[in-house]
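Worksheet: the structure to be examined is printed underneath.
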Amino acid sequence: MVVTATELKQNLSKYIELSNNEEVVVTKNGRPVTYLNGPTRKKQSAFEHFAGSLAWYRPTTEELEADPRLKRILSR
């Protein structure tokens, strides 16, 4: 959904609720200035992005030794 900054100011609670179900794009002078995502949408999309970006990644032995958290992350 696309909404102007003025409309957002006038009906903020409405768009906060809508952001839990869909992305709300806020525009000013016809250009996007920010996006509203509900907390569950943001976590889900961030995780999907992160998991997708690691699908091809195979760290070297040196990288694994330098950061032991990589083993945990990649084993999930």
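The values are calculated or read from the model by the stated rules, or taken from the named source; none is laboratory data. Note that this is a predicted model, so its numbers are computed, not measured. All Cβ positions, even for glycine, are placed from backbone atoms using ideal geometry, and neighbour counts span all protein chains on display.
Any idea which of (1) at pLDDT 75 or above; (2) loosely packed, with under 13 Cβ neighbours inside 10 Å is the one I16 doesn't satisfy?
Looking at each condition in turn, I16 falls short on (2).
Tell me which of these E62 doesn't satisfy, since it passes every other one: (1) outside any strand (DSSP E or B); (2) within 16 Å of the chain's Cα centre (by Cα); (3) modelled with pLDDT of 80 or more.
Tallying (1) outside any strand (DSSP E or B); (2) within 16 Å of the chain's Cα centre (by Cα); (3) modelled with pLDDT of 80 or more, E62 fails exactly one: (2).
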